[in-house]
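The values are calculated or read from the model by the stated rules, or taken from the named source; none is laboratory data. Keep in mind that this is a model prediction, so the values were computed, not measured. Here the Cβ positions follow ideal geometry from the backbone for every residue, glycine too, while neighbour counts run over all protein chains shown. To get the accessible areas, we keep the full protein, side chains included, count just its heavy atoms, and leave off ligands, DNA and RNA. Shrake-Rupley method; radii C 1.70, N 1.55, O 1.52, S 1.80 Å.
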Amino acid sequence: MRLRDFIIRRILLAIPVVFGVLTITWFLSHMVGDPVVMYINTNTPASAIPGIIRSHGLDQPPHIQYFIYLNNLFHGDWGESTSMSFRPVTEVIAQRFPATIELALVAMVFAVLLGIPLGIISATRKDQMIDHFTRIFSLAGVSMPIFWFAIMLKYVLYYQLAIMGLPHLPGGYRYDSNRFYWFQYTTGFILIDSLVYAHSIPLFVDALTHLVMPGFCLGYLTMAIITRMMRSSMLEVLREDYITLARAKGLSEKVVIYRHALRNALIPTVTVIGLAFGGLMTGAVLTETIFQWHGLGQWAVSAILSADLAAINGFTLLVALIFVTANLIVDLVYGTLDPRIRFG
Amino acid sequence: MSDDELVLKVEDLVTNFYTYEGVVKALDGVNLFLRKGDTMGLVGETGCGKSVTARSILRLVEPPGRIEGGRILLYVPNEESGNVEEVDLLKLSEEDMLHVRGRLVSIVFQDPATFPNPVFTIGDQIAEVVMLHQDLRKEALEIRIEELRNALDKLEGKGGLVSSTRREKIRERLAHYESQLDDPPEPDPKYKKKAALKIAEDMLRLVKMPAPDKVMMQYPHELSGGMRQRALIAMALACNPLILICDEATTALDVTVQAQVLNLLNELKKEVGTSIIIITHDMGVVAETCSWVTVMYAGTTVESCATEELFYNPRHPYTAGLLTAVPKLHENRERLPQIRGSVPNLITPPPGCRFHPRCDYATGICETEKPHLKEISPGHWVACHHPLPDKGGKR
Ligand SMILES: Nc1ncnc2c1ncn2[C@@H]1O[C@H](COP(=O)(O)OP(=O)(O)OP(=O)(O)O)[C@@H](O)[C@H]1O
Ligand SMILES: [Mg+2]
């Protein structure tokens, strides 16, 4: 089974990558400050500190601490998130992961569904009006800092419209908890929970409207990158000899573009999409903070602000895992698009 | 020449490329004619516009290139009336051109390596053009009937109630489809594809592709250059075109494969009844395979006549120079003679005859007036103010 071997090999290759990431983050996070600050506050009596240090193994040399960390990690103990009232990191991740993935997927769907057609249109109508608009639109996407864009969007579509008493988009949170006070998460994915478990269409619609702004903000950069990539690879493919051959066969321009050019042009775009998915995790940190989205990104920010080292390490490790998985998926998609790529 | 035996006539074709450096006047009055069943060689130095001519005929010149003038007349037999219709390809709508490309006029491009689409199998790529241009109603129905017959054969000799009712059902369907044979209905896409794939495989067999059934399922990168070339020829011939243009179809191949492909083309011509244009700068290829030759120089036609006539009795100074530059085995010369000067820049081509700066016979008129292609003796066209004397007959 060639495909299975390929997947296994890729997973084995991912191990050193993930291991490298967690080693570097652990040492970096323990270098920036005294880890004991995680466990004390201004009310902690000075006499209690040596006890705290000893009980958390902080008096051990760093490499011993690191091995203890690794040992715990492999036993499923990712430490306690001090900024989340000492709840286990794994528990916080399990609780918040769906919110972030839901947001990232919406952003991704938005980016792909808009980016690919825009790129194609832009390439096939090169130097026409629509191409100029698309290029400005996507240039804006790659140039605007995401936090600035998010704040501006929220200011106009939520704050200003609300002040004027007009219908407006919600400015934050995943759903309106005053209206749907009875709602409890089951899977954590609100679009699923609202329909499958709560059987509430209004809640589903409400959740969707809450997703629009953060989803758009988070996806805009990715969409812009996909558009630009799609445009340039499409332009390149359209110059290829096999496109001339397709035309010489008597195929219509539509078939030439959508059957012969598109699949070839998608090959480089898919790589970008995979890398961008990892980038969405980074973008989520900012987007979630601005839209009070109770996901991993928001947690990561508060963890950094309160020197919650276990949370920082846990979050980084998780992002590394997502990155590696996304790349594996990309390579698999790649193989189905391009017969020149052999698995194994 | 009477027009009724022609399949293609190109008159005063002009194609320019609008580049940043200036307008490249790549074709400036190209004239060609191709007779039914003929193989014509189109020869000339590199850059003289052979490939641009081929692309212009199919209207496949890509921007910044543009066809600026002339006529490309195709003589299409009308199956119903039996008459031959004259069609000017330059006047057709883009939509009508789609019926010409791949169906009436096919092309095998220079450099086969980059031409097949890397993400589709060879079988799919040939079947695509077959499905596009051929009706396939009969073929699809025949495949369906054959499948049912095979299914019936398999059930034959098996006892039991189940298989006898199934047999009955299959016989019923078989009878139903057989009754449609006289006027087959629009086929199911699945069977249309199957019929097209079958034709594709037959085409691969026709071009003597090794292991055609395997190649059908392979991707271009899995084939050798010669195999790709054959696949492209199969693709071009799949719809029995009126005209096949082979642009240096053999230059990229080694000598033995080259000879094979050329012989193949000649065989196919007899089998399919296609007229062929072979673009090359190899005089040996012309001598072996072509009955007619057209010589181009810097975007113009300079001479056009039967192959033997050209070799023994060249009338244009350029052709004569070109022929003496071909090395011959029985002569042992220190240096090959060459034509003095070099190929002109096509952005600022010489006025008048484009060859005059390199011509030993040039006079004042050559610098000012462009010579037109004229029939100076029966069956021999030359564009020159001072053609070389007729040597008369064979040497
Ligand atoms: N896309 C283009 N842009 C500008 N000039 C072009 C373009 N394509 C062709 N030309 C010019 O047209 C002229 C004819 O080119 P063409 O490819 O037809 O030559 P050729 O006779 O086929 O040569 P070869 O024997 O090398 O294949 C050349 O001078 C070339 O510079
Ligand atoms: Mg050429």
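Only a single criterion out of (1) open to solvent by 20 Å² or more (accessible area, probe 1.4 Å); (2) farther than 23 Å from B:PRO210 by Cβ; (3) more than 16 Å from the chain's Cα centre (by Cα); (4) more than 7 Å from chain A (Cβ to nearest Cβ) is not satisfied by B:LEU132, namely (4).
Test of understanding: among A:GLY171, A:GLY165, which residue is within 19 Å of A:ASP206 (Cα to Cα), in contact with a Lys or Arg (Cβ under 7 Å, 6 or more places away or on another chain) and assigned by TED's automatic domain parsing to the domain that holds A:LEU208?
Only one candidate passes the filter, namely A:GLY171.
Go through the range B:240-249 and give me each residue that's more than 16 Å from ligand 1 (Cβ to nearest atom) and either of a type in the set (Asp, Glu) or within 11 Å of chain A (Cβ to nearest Cβ) (or both). B:PRO241, the sole residue that qualifies. Residues in the range A:41-59 that are open to solvent by 80 Å² or more (accessible area, probe 1.4 Å) and polar (S, T, N, Q): A:ASN41, A:THR42, A:ASN43, A:SER47, A:SER55. For the range B:90-102, residues that are facing chain A (nearest Cβ under 9 Å), surrounded by fewer than 17 Cβ atoms within 10 Å (Cβ to Cβ) and among the basic types (Lys, Arg) total 0. Considering the range A:255-294 alone, what residues qualify as being away from every other protein chain (no Cβ under 11 Å), more than 28 Å from A:HIS210 (Cβ to Cβ) and without any contact (Cβ under 8 Å) to a residue 24 or more places away in the chain? Result: A:TYR258, single match.
Each row is one residue, and each column tells you yes or no for (1) open to solvent by 30 Å² or more (accessible area, probe 1.4 Å); (2) within 16 Å of ligand 1 (Cβ to nearest atom); (3) not β-branched (Val, Ile, Thr).
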position: B:GLY226; (1), (2), (3): no, no, yes
position: B:GLN229; (1), (2), (3): no, yes, yes
position: B:ALA238; (1), (2), (3): no, no, yes
position: B:ASN266; (1), (2), (3): yes, no, yes
position: B:MET283; (1), (2), (3): no, yes, yes
position: B:TRP292; (1), (2), (3): no, no, yes
position: B:GLY299; (1), (2), (3): no, yes, yes
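All of (1) in contact (Cβ under 8 Å) with a residue 40 or more places away in the chain; (2) part of a helix (DSSP H, G or I); (3) open to solvent by 50 Å² or more (accessible area, probe 1.4 Å) hold for B:ALA200 with one exception: (3).
I want to confirm something. Restricting to the range B:31-72 and keeping residues that are within 10 Å of ligand 1 (Cβ to nearest atom) and assigned to a strand (DSSP E or B), which single residue is farthest from the other protein chains (Cβ to nearest Cβ)? That would be B:VAL43. Just to be sure before I move on: is A:ALA224 within 14 Å of another protein chain (Cβ to nearest Cβ), assigned to a helix (DSSP H, G or I) and surrounded by 22 or more Cβ atoms within 10 Å (Cβ to Cβ) in the structure I sent? Taking the combined requirement at face value, the residue does not satisfy it.
Kindly indicate whether any position in the range A:111-124 is farther than 29 Å from A:THR187 by Cα, of a type in the set (Ser, Thr, Tyr) and either modelled with pLDDT of 95 or more or out of contact with any strand residue (DSSP E or B) (no Cβ under 8 Å at 6 or more places or on another chain) (or both). The answer is yes; a qualifying residue exists. Screening A:THR244 with (1) within 13 Å of chain B (Cβ to nearest Cβ); (2) more than 30 Å from B:GLU94 (Cα to Cα); (3) of a type in the set (Ser, Thr, Tyr) gives one miss only, at (2).
Out of A:GLY51, A:GLY57, one residue alone is without any contact (Cβ under 8 Å) to a residue 60 or more places away in the chain, part of a loop (DSSP other than H, G, I, E, B) and small (Gly, Ala, Ser). It is A:GLY57. Would you say A:LEU191 is open to solvent by less than 70 Å² (accessible area, probe 1.4 Å) and more than 23 Å from A:TRP148 (Cβ to Cβ)? Against the criterion (open to solvent by less than 70 Å² (accessible area, probe 1.4 Å) and more than 23 Å from A:TRP148 (Cβ to Cβ)), A:LEU191 qualifies.
Within the range B:315-322, not a single residue is closer than 26 Å to B:VAL87 by Cα and modelled with pLDDT of 85 or more. Go through the range B:103-129 and give me each residue that's within 21 Å of A:VAL237 (Cα to Cα), at the interface with another protein chain (Cβ under 8 Å from one of its Cβ atoms) and within 17 Å of the chain's Cα centre (by Cα). The answer is B:ILE107, B:PHE109, B:ASP111, B:PHE115, B:PRO116, B:VAL129. Within the range A:158-170, the presence of at least one residue that is of a type in the set (A, V, I, L, M, F, W, C), within 26 Å of A:ILE192 (Cβ to Cβ), in contact with a helix residue (DSSP H, G or I) (Cβ under 6 Å, 6 or more places away or on another chain) and part of a loop (DSSP other than H, G, I, E, B) is confirmed.
Taking (1) touching a residue at least 24 places away in the same chain (Cβ under 8 Å); (2) within 16 Å of ligand 2 (Cβ to nearest atom); (3) under 18 Å from B:PHE109 (Cα atoms) in turn, B:PHE17 satisfies each apart from (3). Just one of the numbered conditions (1) closer than 30 Å to B:GLN260 by Cβ; (2) in contact (Cβ under 8 Å) with a residue 24 or more places away in the chain; (3) not hydrophobic (A, V, I, L, M, F, W, C) is not true of B:PRO185: (1).
Tell me, yes or no, whether the range B:146-157 has at least one residue that is touching a residue at least 60 places away in the same chain (Cβ under 8 Å) and either touching a helix residue (DSSP H, G or I) at 6+ places or on another chain (Cβ under 8 Å) or within 14 Å of chain A (Cβ to nearest Cβ) (or both). For the range B:146-157, residues touching a residue at least 60 places away in the same chain (Cβ under 8 Å) and either touching a helix residue (DSSP H, G or I) at 6+ places or on another chain (Cβ under 8 Å) or within 14 Å of chain A (Cβ to nearest Cβ) (or both): absent. What about A:PHE133, is it assigned to a helix (DSSP H, G or I), under 21 Å from A:GLY295 (Cβ atoms) and open to solvent by 40 Å² or more (accessible area, probe 1.4 Å)? No; evaluated as a whole, the condition is false for this residue. Total residues in the range B:54-89 satisfying the condition of being more than 16 Å from ligand 2 (Cβ to nearest atom) and either over 19 Å from the mean Cα position of the chain (by Cα) or open to solvent by 70 Å² or more (accessible area, probe 1.4 Å) (or both): the figure is 17. Would it be correct to say that B:GLU303 is within 21 Å of B:LEU32 (Cβ to Cβ), among the acidic types (Asp, Glu) and surrounded by fewer than 21 Cβ atoms within 10 Å (Cβ to Cβ)? The answer is no for B:GLU303.
For B:ILE276, the conditions (1) within 13 Å of chain A (Cβ to nearest Cβ); (2) away from ligand 2 (no atom under 16 Å from the Cβ) all hold with the exception of (1).
Since B:SER51 meets every condition but one in (1) within 30 Å of B:ALA320 (Cα to Cα); (2) out of contact with any Ser or Thr (no Cβ under 9 Å at 6 or more places or on another chain); (3) polar (S, T, N, Q); (4) more than 16 Å from ligand 2 (Cβ to nearest atom), which condition does it not meet? Going through the list (1) within 30 Å of B:ALA320 (Cα to Cα); (2) out of contact with any Ser or Thr (no Cβ under 9 Å at 6 or more places or on another chain); (3) polar (S, T, N, Q); (4) more than 16 Å from ligand 2 (Cβ to nearest atom), B:SER51 breaks only (4). Based on what the data block shows, is B:LEU104 away from ligand 2 (no atom under 16 Å from the Cβ) and within 25 Å of B:ASP282 (Cβ to Cβ)? No. When the helices (runs of 4 or more DSSP H) confined to the range A:228-331 are screened for residues that are in contact with a strand residue (DSSP E or B) (Cβ under 9 Å, 6 or more places away or on another chain), those reaching at least 2 such residues are found at A:241-248, A:296-305.
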